[in-house]
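Rule-based calculations on the coordinates, nothing more; no lab input. In this text the structure is predicted, and so the values were computed from the model without any measurement. Please note: Cβ atoms are built from the backbone with ideal geometry, for glycine as well, and neighbour counts cover all protein chains shown.
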Amino acid sequence: MARTSLNIDGLGLEALLADLAAVKAEFESGDSSASATAEACGHARLAEKISSFATNGNDRRAQLAEQITELGEALSTIDTTFTEVEQELEGVLLGGDK
């Protein structure tokens, strides 16, 4: 059976965008978190390993943060487009725009 409607959960999309922003912030602050963890561990070799791991992951975290930004922009565009289409369809159905 063919589907005859398309439903977009605007609030769900907004929540997803907020979650993406939080994840991106974590990726962007990963180095400072690792530095604080290294300082707090109380063992020089372990601190060195934690710092090394964080430094090696910086490039990947930056790539992921950029990809999250692109995904967020795409989702925002989808949300905006569906809102515009919905308004146009409503206008047509109510006899305003033709």
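Hey, of (1) 6.0; (2) 7.8; (3) 9.9, which did the structure itself give for mean projected area of the Cα convex hull in nm² when calculated? Label of the calculated value: (3).
Per-residue extension of 0.36 nm, minus the Cα-Cα distance of T69 and S29, leaves a gain of 12.9 nm for this segment.
Report the local net charge at L71: Lys and Arg +1, Asp and Glu -1, summed over other residues whose C-beta lies under 13 Å from its C-beta.
Every neighbour counted, the sum reads -4.
Remark: relative contact order (the stretch 1-84) = 39 percent; criterion is Cα-Cα distance under 8 angstrom and separation of 6 or more residues. Spin-label model, L13 to L89: label points 7 Å out along the Cα-to-beta-carbon direction sit 1.2 nm apart.
Taking 0.36 nm per residue of separation and subtracting the current Cα-Cα distance, fully stretching the chain between S52 and A22 would add 8.3 nm.
Compared with the dominant Cα axis of the chain, that is its longest principal axis, helix 30-40 is turned about 30°.
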